[in-house]
Each structure stands twice: as C-alpha cells, then as structure tokens.
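A quick write-up on the structure given underneath.
Read-outs: derived from the displayed coordinates by stated rules, not from any lab. Just so we're clear, the structure is a prediction, and the values are computed from it rather than from any experiment. Heads up, the Cβs are rebuilt from the backbone with ideal geometry, glycines too, and the neighbour counts pull from every protein chain shown.
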Amino acid sequence: MQFDLHRFANFISWVINPIVVAPAAYFAIVMLGYGHDTHRLSYLGVLFFASTIVPMFLILGLKKSGKVSDYNITFREQRFLPLLVLIAVNALGYEFMAQLHPPKLLTGILLFNAVNTVFILLITLQWKISIHLFTFSSSVALLFIQFGSVALWLLLLVPVLVWSRIFLKAHNFMQTFVGGVVGFAVMFAELKWWTGL
C-alpha cells in the first residue's frame, strides 16, 4: 500500500493541534507540578474550559453556521471572531482562576493567553501567522519553565509540524517560523517576569 503523505500531514496537524497541545501541557503542569494541591482538579477545569471546551464548541458552531470554511480556520479573514471570543474566554478564565489562589504560574497562563491572542489577532488583520506553531512552541515554553531543559526535547517535533502545515498549503515557511519563534520567546519572557523565576 502506498504511503499517503497528505493523510500523514493531516494527522500531524490534528495531533499537534492547539486544542490538543495546550490542555496536554496544562495537564502535565498541574498533575506533575502541583499534584499534591487539593484544588488541582479545579485548576484543570478552568484551564480546560478556556483551552479546549470553549474553542472546540466555538469552532464547531462557526463551521456549522458557515462562518468558517474548515475546522482549522484556514482563511485569515475568518479568524477575527474566534480570536476575539478566545481573548474574552481567557480573560474570564484568569478571573476564575485567581479566585482559587493557585500557584502564580497558572494565573499567568490564562492572563498571557489572553494577551498573546490580542497579539495574534492584530497580526492576523494583515498577515497569517501559524497558530499551530505559536501554540505548540508556547506550550513547550510553559513546560520548560516548570520542568526544565527536558521539555526542550519536544522542539524536535517543530520541523514535522512545520512540514505538515506547509505541505497542506495552510502556511508558508515564514508564517510557521515566526509563529514558532515568537510563541516560545514571548510566553517564556512573560511567564519568567510574571512568576519571578
């Protein structure tokens, strides 16, 4: 049987997807980093609500109503509304998380998700940055802050994700490169400042 590159590229794009990657990182951070905390499930609930549940239902609803053409929201012009909603959801998530008095890193995740989504939205008005690469690399930055250099091994997946996004004609190289580099650098700098680590 002939190997189907297009199917493989699609598989990579769905597995290393913002709705999958972010909650996986949050699960590791909360359960491995703060597993002893009695509020750990509440922390996860707020993080998952903002990173997975709302985005998933939002995209499904927008696709069903015809406001976006596909689940990856390929067209830049269709990204404004979902990004705007995600800014509000993460800002609301920050407020809910703050009421739980969690480790400072966890409030920082939601705060800077909101801030960085504003940043992405402003870029999207003129240019199509890769949200796949931005989210993946910023998630690696989170794991790096929490667990140290062992998390950097995940960066080996970056070239595979870059290839898949380019192969699927979702992005060009520069859009993936900027998404990856900026995602890691911005989240790392923000959370280092926020936590004082």
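Add -39500 (n - 2.57) for each DSSP H run of 4 or more in the chain, then divide by its residues: what number comes out at 222 nm, to the nearest 500 deg cm²/dmol?
My calculation for the chain gives -22000 deg cm²/dmol from helical runs alone.
The label point for residue 56 and the one for residue 84, both projected 7 Å from the Cα toward the Cβ, are 2.6 nm apart. When the square roots of the Cα gyration tensor eigenvalues are ordered a ≥ b ≥ c, the ratio a/c for segment 1-91 is 1.5 or more and a/b does not exceed b/c, which makes its shape oblate. With a Förster radius of 22 Å applied to the C-beta separation of residue 5 and residue 127, the computed FRET efficiency comes to 0.20.
How much net charge surrounds residue 172 when only other residues with a Cβ under 11 Å from its Cβ are counted (Lys, Arg +1; Asp, Glu -1)? Residues near residue 172 contribute +3 overall.
Shown for the chain are the DSSP H helices of 30 Å or more along their axis, judged by Cα atoms, with a mean Kyte-Doolittle hydropathy of at least 0.0: 173-195. The length gained by stretching the chain between residue 169 and residue 28 to full extension, at 0.36 nm per residue less their Cα-Cα distance, is 47.6 nm.
Would you mind getting me the FRET efficiency between residue 70 and residue 49? Use the beta-carbon distance for r and R0 = 22 Å, nearest 0.05. Walk me through the numbers before you get to the answer.
Values: r = 24 Å, r/R0 = 1.09.
Here the calculated transfer efficiency is 0.35.
Take 34-44, 77-87 and order them by the average number of nearby Cβ atoms within 10 Å per residue, most first; the result is 77-87, 34-44.
In terms of the Cα gyration tensor, with a ≥ b ≥ c the square roots of its eigenvalues, is segment 97-159 rounded because a/c is under 1.5, prolate because a/b exceeds b/c, or oblate? Because a/c hits 1.5 or more and a/b fails to exceed b/c, segment 97-159 counts as oblate.
Fully extending the segment from residue 92 to residue 15, taken as 0.36 nm per residue of separation minus the present Cα-Cα distance, adds 25.0 nm. Mind sorting out which of (1) 11.7; (2) 10.9; (3) 9.9 is the real mean projected area of the Cα convex hull in nm² computed from the coordinates? For mean projected area of the Cα convex hull in nm², the calculated option is (1).
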